[in-house]
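Presented below is the structure to which this report refers.
Just so it is clear, none of the values below were taken in a lab; they were calculated from the coordinates. Since we're looking at a predicted model, the values are computed, not measured. No Cβ is skipped: glycine too gets one built from the backbone with ideal geometry, and neighbour counts run over all protein chains shown.
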């Protein structure tokens, strides 16, 4: 087993990894920016090292600083978490060259699957269905317009690198394509340092369904079921649940097998996610991308299966086989996750971090909270606004919904505005309660939900 792990991340995922390491008696080294020196992950780790200034570009994205810290503190491995350098093949490669174990897939796999145009080609070669789109990358808006005319409008312009909904723009016709193309290219360059784009036919009102996979170095590949991630704003997830109400047993089995096939074709190792869109009008599903890291929403799968995904990552990195075979994976109940962000939905989701004046976390049966918050902690303006994840499990979907309502009623974060009230109202919306929602749900109902919250004078 690994002896000492450097965690190249911050916030709740760093805390989550430290806890898993602690239970496996693995020492941990936390890295932090000057803005994070009082963060919970630094307090919980065996040792903490400051690696730079408050901006991510000065710290959490500085490969050399992180690798120097790992070597200087005698670490044998690096866990990248999610975001930052987690899907940077150069970072994984440099870690291995420094004699460190990168807790993730091999650099070549990260590179192959991170280039979405290449990933599409690989999926097509192994028989996994992909969204109709450009055969490769697209160099100019004029070329994109010609391809879009063949595919049919609307189309989605997507960054070949990166993820998280960035570098992505919709175009409903020729007049929108050129500005959308340039906006996507600029954002892709800014976020990922890579401006290459490709085109996909936009599947209208789809379900966004992802399958969690695990693979070891002995050739074992399994999936741990799906997560419905359709409730989004600006292509970024707000709430997730499992199982997906839209999947029949036969379709669930077929998509799970496709996810395993995709992971095998990629030569995958570790924890990863294969993402699909489901066309509810036709029942057809299509591969859209593979995330070569642990996901924000991994607790959904952990509660539903009882499998600790971070511990599995650590086991695989140490050369051990997976702890379960496919036939041994058991699913229990219904699980919902709510992301709590320091933002104001009424002000176009304006980030509004600040000091936690008072904090009370919900508890009771079937409730889990992953967070880095504590009373007195100041949420930094330099990073993603997510400050907590509330995850609940119930015997049925209705029980899980009711349990999440109760958990959000108990959750108290005083000191700054969050999206907690919006999430709470979503849980009462008839379409959500019936499971009849898609990726356009929040766009359709945001004004209605915000008006209800305002009428109530605020929910929390």
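Between residue 331 and residue 3, what's the calculated FRET efficiency when r is the beta-carbon distance and R0 is 30 Å? Round to 0.05.
0.30
For n ≥ 4 DSSP H runs only, could you compute -39500 (n - 2.57) per run for the chain, divide by its residues and tell me the 222 nm figure to the nearest 500?
Details: 15 runs with 160 residues, N = 460.
That comes out to -10500 deg cm²/dmol.
For residue 431 and residue 191 in one chain, what is 0.36 nm times their gap in residues minus the Cα-Cα distance, to one decimal in nm? Working shown, then result.
Values: separation 240, 0.36 × 240 = 86.40 nm, distance 3.45 nm.
Residue separation times 0.36 nm, minus the Cα-Cα distance, leaves 83.0 nm.
Can you give the FRET efficiency for residue 93 and residue 43, using 1/(1 + (r/R0)^6), R0 = 30 Å, r = Cβ-Cβ distance, to the nearest 0.05?
0.40
What relative contact order, as a whole-number percentage, does the stretch 304-454 give when Cα pairs under 8 Å and 6 or more residues apart are counted?
Working: 224 pairs, mean separation 39.0, N = 151.
Relative contact order of the stretch 304-454: 26 percent.
Per residue Cα convex hull volume for the stretch 388-429, in cubic angstrom? Walk me through the numbers before you get to the answer.
Working: hull volume 2.6 nm³, N = 42.
Once divided by residue count, the hull of the stretch 388-429 is 61 Å³.
Between residue 414 and residue 320, what FRET efficiency comes out of the Förster formula 1/(1 + (r/R0)^6) with R0 = 56 Å and r the beta carbon distance, rounded to 0.05?
Efficiency, from the Cβ-Cβ distance: 0.80.
Please report, to two decimal places, log10 I(q)/I(0) for the chain at q = 0.08, 0.09 Å⁻¹ as given by the Debye formula with identical point scatterers on the Cα atoms and no solvent.
Debye curve over Cα of the chain, log10 I(q)/I(0) at q = 0.08, 0.09 Å⁻¹: -0.45, -0.57.
Pop a pseudo-label 7 angstrom from the Cα along the beta-carbon direction at both residue 248 and residue 170 and give the gap in nm to one decimal.
Once both label points are built, they end up 2.9 nm from each other.
Can you give me the Rg/Rh ratio for the stretch 207-455, using Cα atoms for both radii and the Kirkwood formula for Rh? List each step's numbers first, then the result.
Values: Rg = 18.3 Å, Rh = 18.9 Å.
The Rg/Rh ratio comes out at 0.97.
Tell me, in nm to one decimal, what length is gained between residue 24 and residue 55 on full extension, where the rule is 0.36 nm per residue of separation less the Cα-Cα distance?
Stretched out fully, the residue 24 to residue 55 stretch lengthens by 7.9 nm.
When only C-alpha pairs under 8 Å and at least 6 residues apart count, what is the relative contact order of the chain, in percent?
That works out to 14 percent.
For a quick protection proxy, order the peptides 12-21, 249-258 by their average other-Cβ count within 10 Å, most packed first.
Sorting 12-21, 249-258 by mean packing, highest first, produces 12-21, 249-258.
Restricted to Cα positions, what overall size does the stretch 239-375 have along the principal axes? Three whole-Å values, descending.
Taking max minus min along each principal axis of the Cα atoms, the stretch 239-375 gives 48, 43, 30 Å.
Pairs of Cα atoms under 8 Å, at least six residues apart: use those to get the relative contact order of the stretch 74-149, whole percent. Working shown, then result.
On the way: 55 pairs, mean separation 17.3, N = 76.
The value is 23 percent.
Between residue 443 and residue 257, what is the label-to-label distance in nm when each label sits 7 Å out along the Cα-to-Cβ direction?
3.4 nm
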